[in-house]
Amino acid sequence: MPLKKEGKPKIKGVSYAKYGYLFSLPFVIVFLVFMLYPTLFTAVIGFTDFKGVVATSFKFLEQPFDNFASIFANKTFRTSLVNTIVIWTMNFIPQMGLALLLTAWFTNRSRRIRGQGAFKVLFYLPNIITAASVAILYGVIFAYPIGPINDILQSLHLLKAPFDFSTSPWAAKFVVAFIQFWQWYGYTTIILISGVLGINPELFEAAEIDGASPRQTFFQITLPCMRTILIFTLITSLIGGLNMFDIPKLYIWNGGPANATMTTSVFIYAQAFSGTYLYNKAAAASMIMFVIIAILSAFTFFLMRDRSEARAIRAMKRMEKLKKGAAV
Amino acid sequence: MKLRRKVNIGIYIVCGILAILSIMPFWIMIVNATRSTVQIQQHAVSLIPSTHILENWKVLTGKTFNPFTGFINSVIISTGATACAVYFSTLTAYALVAYEWKMRQPFFTVILAVMMIPTQVISIGFYQFMYRIGMTNNLLALILPAIAAPMTVFFMRQYMLPSLNLDIVASARIDGAGEFRTFNSIVLPIMKPAMATQAIFTYVISWNALFMPMILLTKKENYTMPVMVSLLKGDIYKTEYGAVYLALTLSILPLFIVYFLLSKYIIAGVALGSVKE
């Protein structure tokens, strides 16, 4: 009997295709109403004169790109965009560095570090705690003149007088970046370790037989095999970083000293929802962020699509082999 | 061999320091929740709890912070959103896996494409839309959108592809079961482990959300826990350190309990979420 082209058995005469449509209908309806429509609406508002607390009517601007031009010319917006990227970088580089180091240690087969499960649980803990609470907690921990950090630094004689972390722009940026780092390095470590565990163990065995040192194994085998995961982690972290809101919003009020912790999300919130009600400007800024994020997520999209295609091709080859085996 | 042992000790020390770094802020918080503001202002760090927790409670609840309201609203929203996201994502994944329909591939492509887009960047349009249909201050505005959760659908599909045997579905058909009943009584039980994992993460993400609740909920009786927490930043609690620490402890405690009960599954779930072969 010849093998069927598709692996799935089909019952002749009855078409079940309509159930495919029916069962994805709730998703499609909610997606159109609560995601696509608000996206288009945001885009439209970006081209209008829409502002004011109770305003519901608006008209299109004569110069359609006025809002975008004024946002790009807005010094605070440019500062917020730079801040967002600077704070993200300040958090991501040490985060990735530490995560790679921990991954190298935890997956080193000759070291056999014990207690990994407990360490992972503790490292991941800050990630699950409400960012709003964490931000306020760090606010009181770094309080001036008397707060836990000033207390500790003074009793260790590292500081003579209490330091006001909330008036120095770089100290404020540093604390926000540190909180992000503290919340996310555990997550990244777990992702990277699971990535290493997914690498074909034969590669490591071969390296061991060839007499490669753990260092060589890590740099020559582990890292190259993890390229996709590393890129994926980078991009998802960047997308998250571009939306950074809870920590900068609640650690220091109103963007911090000299707007040092003003991120784009805090800027958009301030434009639309705290007193000025400039919905059109906020919408224009949102759409700028939307485009940046859409470009970034396109990368992950192609990355994942290529992987699933590669997997499908491999599966097909395996099937071919099986077929040949069956024929012989 | 000796060098290796020394290096290992170094590794344990670094990991120990990181572990303390994870715990320390929360320890300070819990201890300070029991100390009076005066004690905190004399020495901000103490490892020993004190006895002023009731005073702090009175100061805290005597002002704007209402932990019960925040807790109940957060439970309603997170439970509703999680139930919607998990059930409908599984249903959508089932449509993608079990049936052959013309739009199946394009539909999946759309899901992949929008998976990474955060709702925050469309908040202006979302808020205006909700305002027009009178759904600001309506908890449903934060629950219903969870029905379309592209990330969860993607995860469910990945899990369903290898674990759902379509022969079982076919034999249920022969036995005369309707398609919807087959899904509820045969497919859902198979998907239980994946649903549990996704439920935990959806719940936590929904519980922790600040941006959307903050713009949509303007009446105090609708505030979620994180929005309630944001009140602590205002002038009202400016110098009431004891009360602030207590409020933070109350907002974090439920998550602590859940985390230490489910940490095994949560860590496994995080690892599963990574893209791997």
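The residue among B:Thr34, B:Ala95, A:Thr39 whose Cα reaches farthest toward the positive pole of the charge dipole of the protein assembly as shown, with charges on the beta-carbon of Lys, Arg, Asp and Glu, is B:Ala95.
Specify whether the C-alpha gyration tensor of region B:46-158 places it in the rounded, prolate or oblate class, a ≥ b ≥ c being the square roots of the eigenvalues: rounded for a/c under 1.5, otherwise prolate if a/b is larger than b/c and oblate if not. Prolate is the answer for region B:46-158, as a/c is 1.5 or above and a/b outweighs b/c. The relative contact order of region B:123-235, computed from alpha carbon pairs under 8 Å that lie at least 6 residues apart in sequence, is 36 percent. Relative to the first principal axis of the alpha-carbon coordinates of chain B, what is the inclination of helix B:123-132, with its axis defined by its Cα atoms, in degrees from 0 to 90 and to the nearest 10? Roughly 80 degrees between the two axes.
Size descriptors for chain B: radius of gyration and Dmax over Cα atoms are 23.8, 77 Å.
Within the listed set A:Ala17, A:Ala206, A:Ala294, the Gaussian network model of chain A (springs between alpha-carbon atoms below 10 Å) gives the highest mean-square fluctuation for A:Ala17. A Förster radius of 35 Å, combined with the Cβ-Cβ distance separating A:Arg111 from A:Asn200, puts the computed FRET efficiency at roughly 0.95. Rounded to whole numbers, the Karplus 3J(HN,Hα) couplings from phi for region A:160-175 are 8, 10, x, 9, 8, 6, 8, 10, 8, x, 6, 4, 4, 4, 4, 5 Hz, using 6.51 cos²θ - 1.76 cosθ + 1.60 with θ = phi - 60°, and x at Gly and Pro.
Put a dot 7 Å past the Cα of A:Lys18, heading toward its Cβ, do the same for A:Phe60, and the two dots end up 4.1 nm apart. Scalar couplings 3J(HN,Hα) for region B:8-19, obtained by applying the Karplus form with A = 6.51, B = -1.76, C = 1.60 to θ = phi - 60°, are 4, 4, x, 4, 4, 5, 4, 5, x, 4, 5, 5 Hz; x denotes Gly and Pro. Packing order of peptides B:247-260, A:70-83, highest average first: B:247-260, A:70-83 (average count of other Cβ atoms within 10 Å over each peptide's residues). For the residue pairs A:Lys173/B:Lys219; A:Lys160/B:Lys233; A:Lys317/B:Lys264; A:Lys120/B:Lys6; A:Lys281/B:Lys220; B:Lys220/B:Lys264, the alpha carbons lie more than 30 Å apart in A:Lys173/B:Lys219; A:Lys317/B:Lys264; B:Lys220/B:Lys264. With a/c under 1.5 counting as rounded, go ahead and sort region A:67-327 into rounded, prolate or oblate using the C-alpha gyration tensor (a ≥ b ≥ c being the square roots of the eigenvalues; past the cut-off, prolate if a/b is larger than b/c, else oblate). It comes out oblate by the Cα gyration axes. Mean residue ellipticity at 222 nm, helices only, chain A: -22000 deg cm²/dmol; runs of at least 4 DSSP H residues each add -39,500 (n - 2.57), and the sum is divided by the number of residues. Shape analysis of the protein assembly as shown places it in the oblate category; the axes a ≥ b ≥ c from the Cα gyration tensor give an a/c of at least 1.5, with a/b not above b/c. The HN-Hα couplings worked out from phi for region A:190-205 by the Karplus form 6.51 cos²θ - 1.76 cosθ + 1.60 (θ = phi - 60°) are 4, 4, 5, 4, 5, x, 5, 5, x, 6, 4, x, 4, 4, 5, 4 Hz, whole numbers, x standing for Gly and Pro. Normalised radius of gyration (Cα atoms, divided by 2.2 N^0.38 Å) for region A:28-124: 1.91.
Shielding by partners for peptide A:153-166, expressed as the average number of C-beta atoms from other protein chains within 10 Å of each residue's C-beta, is 0.
Take peptide B:207-213, look around each residue's Cβ out to 10 angstrom, count Cβ atoms belonging to other protein chains, and average those counts.
Across B:207-213, the average partner-chain Cβ count within 10 Å equals 5.
Using only Cα atoms, find the angle between the long axis of helix B:67-98 and the longest principal axis of chain B, and express it within 0 to 90 degrees, rounded to the nearest 10. Approximately 20 degrees, to the nearest ten.
Mind putting a number on the dipole of chain B about its Cα centre? Charges go on the C-beta only, +1 for Lys and Arg and -1 for Asp and Glu, and I need it in Debye to the nearest 20.
660 debye
In chain B, the longest principal axis of the Cα atoms and the axis of helix B:104-114 are about 20 degrees apart. Using C-alpha pairs under 8 Å with a sequence gap of at least 6, the mean separation divided by the residue count of region B:1-119 gives a relative contact order of 14 percent. A helix-only calculation puts chain B at -22500 deg cm²/dmol for mean residue ellipticity at 222 nm, using -39500 (n - 2.57) for each DSSP H run of at least four residues, averaged over all residues.
FYI, it's all coordinate maths here, none of it is from the lab. Note that the structure is predicted; figures quoted are calculated from it, not measured. Heads up, the Cβs are rebuilt from the backbone with ideal geometry, glycines too, and the neighbour counts pull from every protein chain shown.
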